[in-house]
């Protein structure tokens with residue numbers, strides 16, 4: 001494995017490790033209404049690439065779902081899954 005691949009893998013692992021921390025923050029943002037990945041990223045002040053990793057993890061576990069069709073830029077809106085209710089603060 002090249003150094004570039006190792007660095008990239010390490011970065012992805014670091015991003016994935018933050019998923020549990022970011023899950024609640026993403027849920028708070030989506031609690032305000034459906035949003036696209038760039039909108040979530042802007043609200044969190046995080047790169048879209050990282051939000052994509054976290055959001056797809058949440059989608060895999062049934063916490064969020066895509067709604068409607070993709071917009072003109074190819075982005076779907078996401079919302080909290082109907083069965084997921086955010087825990088009280």
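Read the figures in this text as sums done on the coordinates, not as results from a lab. What you see is a predicted model; the values in this text were computed from it and never measured. Neighbour counts are summed over all protein chains in view; Cβ atoms, including those assigned to glycine, are modelled from backbone coordinates with ideal geometry.
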Handout entry: Distance (nanometres) between label positions extended 7 Å along Cα→Cβ at residue 18 and residue 42
Key = 1.9
Problem - Where labels lie 7 Å past Cα in the beta-carbon direction, separation of residue 69 and residue 32 in nm - result: 2.8
Handout entry: Radius of gyration, Dmax [the stretch 3-80; alpha carbons; angstrom]
Key = 12.8, 41
Problem - Cβ crowding within 10 Å averaged over residues, with 13-23, 54-64 ranked highest first - result: 54-64, 13-23
